[in-house]
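Below is one structure, written out as structure tokens, with a few remarks after it.
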Amino acid sequence: MRTFPIILPCHFGLEAVLKREINDLGYDIEQVEDGRVTILGDADAVCRTNIFLRTAERVLICVGRFKAFTYDELFENVKACPWDEFIPEDGRFWVTKASTVNSTLYSPSDIQSIVKKAMVEKLKQTYDKEWFDESGADYPVRVFINKDEVTVCLDTTGDSLHKRGYRIKAGKAPISETLAAALILMTPWRKDRILVDPFCGSGTFVIEAAMIAANIAPGMNREFTAEKWTNFIEKKLWYDAVSDAEDEINTNIDTDIQGYDIDPEVIRTAKENAVRAGVEKLVHFQVRPVSELSHHGKYGFIITNPPYGERLEEAATLPAIYSDLGRQFALLDTWSAYMITSYEDAEKYIGRKADKNRKIYNGMIKTFYYQFLGPKPPKRNKTMGD
């Protein structure tokens, strides 16, 4: 099967988590850059990365990579790309996004227009036509220019991979599913350990943790743009990937994964989302304020996305919220807490300096992932026959 570079974008700062996922899928990594990891893969890899990866934002086939300082150079290099290997005669193609950073070519709209013209000229030569009705499947193109290096890609995913299909409604400040999964995978939490999100909102951390625990592939219940690319990705590859994903699911497990929120409406939404994700039996949601956070178990995890106070009227409530969280966390003396927030006084009101801290961009908001580490649980004694 023919191979090509596949670019997997992710949140800045979380490349290592995505690398681990890729290795677990069995693919070799070609290159790691800020916010993206590149592998060499085939049509089967397009299907499997879309269906199985929890932390990638989308799956892009790299059609060309080159330097361009003028629009003429951009046109000629795009025209030289092997579009005929990917786009059929009736394919509908357009540049859905162009971004440029620290480059001579700075106008996204001009870049989009020139790339489209160059593609048309290439396909005119290939199919010996002057006009394309573009009545077939969609082949959206994305262009990235960084320090005058142009990367031209076909977007196989469509809606971003954070859209798993279970979250129809969300709370006021939802965290994306891909970011939530990555933050969970950065911790030592495992399915046999307790996990509580005391600011669960629509349930993203809780549901993503349950999907990880039950081995539910994040993309198995949604559609992808490339499913219609039957000219070089056989339908059978998608069916086989989904079948393999179904074989790996195990919901017959004991879990203690809980979410609390003070808003009864968002708790109702979280429960509905859990049903759509197929994890309702593995999670527990409850209307409860953070001031009542407690648990009888030992060595548990708090993983949460508390209020940031982005609105001025909410900022005044933050000291009390973080103080309550810090006070209740201190009572859970064997627990660890992981918290993503942009609130700069978080440690002050938690009453403890974080053991580790990572800067992560949540959308356009600069946030910090505070990690308050508890003691490791004692190793279990192995009995004979284990």
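The values are calculated or read from the model by the stated rules, or taken from the named source; none is laboratory data. Please read these numbers as outputs of a predicted model, since none were measured by experiment. Methodologically, a virtual Cβ is constructed for each residue, glycine included, from the backbone with ideal geometry; neighbour enumeration extends over all protein chains shown. The protein model used for the area step is the full one, side chains on, heavy atoms only, and it has no ligands, DNA or RNA in it. Shrake-Rupley method; radii C 1.70, N 1.55, O 1.52, S 1.80 Å.
Structural remarks
- Members of segment 39-56 that are hydrophobic (A, V, I, L, M, F, W, C) and either more than 28 Å from F205 (Cβ to Cβ) or open to solvent by 50 Å² or more (accessible area, probe 1.4 Å) (or both): L40, A43, A45, V46
- The residues in segment 330-354 that are part of a helix (DSSP H, G or I) and either open to solvent by less than 10 Å² (accessible area, probe 1.4 Å) or farther than 28 Å from T55 by Cα (or both) can be counted, and the count is 6.
- So N357, is it surrounded by 18 or more Cβ atoms within 10 Å (Cβ to Cβ) and not charged (D, E, K, R): no
- Only a single item in (1) of a type in the set (G, A, S); (2) free of Cβ contacts under 8 Å to residues at least 60 places away in the same chain; (3) outside any loop (DSSP other than H, G, I, E, B); (4) open to solvent by less than 40 Å² (accessible area, probe 1.4 Å) is not met by S103, and it is number (3).
- Residue match in segment 274-294 (condition: out of contact with any His (no Cβ under 9 Å at 6 or more places or on another chain), outside any loop (DSSP other than H, G, I, E, B), surrounded by 14 or more Cβ atoms within 10 Å (Cβ to Cβ) and among the charged types (D, E, K, R)): yes
- In segment 136-185, the residue that is least open to solvent (accessible area, probe 1.4 Å) out of those that are out of contact with any Lys or Arg (no Cβ under 9 Å at 6 or more places or on another chain) and assigned to a strand (DSSP E or B) is I145.
- Test: residue in segment 75-86 that is crowded, with 16+ Cβ neighbours inside 10 Å, of a type in the set (A, V, I, L, M) and under 31 Å from the mean Cα position of the chain (by Cα): yes
- Scanning segment 220-265 for residues that are open to solvent by 70 Å² or more (accessible area, probe 1.4 Å), in contact with a strand residue (DSSP E or B) (Cβ under 8 Å, 6 or more places away or on another chain) and in the same structural domain as A209 (by the TED database) turns up just one, I262.
- If you go through segment 106-130 and pick out every residue that is open to solvent by 60 Å² or more (accessible area, probe 1.4 Å) and within 19 Å of I145 (Cβ to Cβ), you end up with 4.
- Summed over segment 295-316, residues that are open to solvent by 80 Å² or more (accessible area, probe 1.4 Å) and modelled with pLDDT of 95 or more total 2.
- The set of residues in segment 1-38 being part of a strand (DSSP E or B), surrounded by fewer than 22 Cβ atoms within 10 Å (Cβ to Cβ) and either of a type in the set (S, T, Y) or more than 13 Å from the chain's Cα centre (by Cα) (or both) consists of F4, P5, I29, E30, Q31, V32, E33, T38.
- Residues that are part of a strand (DSSP E or B) and touching a strand residue (DSSP E or B) at 6+ places or on another chain (Cβ under 7 Å), drawn from segment 362-379: N362, K366, T367, F368, Y369, Y370, Q371, F372
- Selection of first residues in segment 115-140 that are within 13 Å of C81 (Cβ to Cβ) and of a type in the set (S, T, Y) and of second residues that are assigned to a strand (DSSP E or B) and open to solvent by 60 Å² or more (accessible area, probe 1.4 Å), restricted to Cβ pairs under 7 Å at least 6 apart or on distinct chains, gives the following pairs, ordered by first then second residue: Y139/R92.
- Total residues in segment 61-74, condition outside any strand (DSSP E or B), open to solvent by 50 Å² or more (accessible area, probe 1.4 Å) and touching a residue at least 24 places away in the same chain (Cβ under 8 Å): 3
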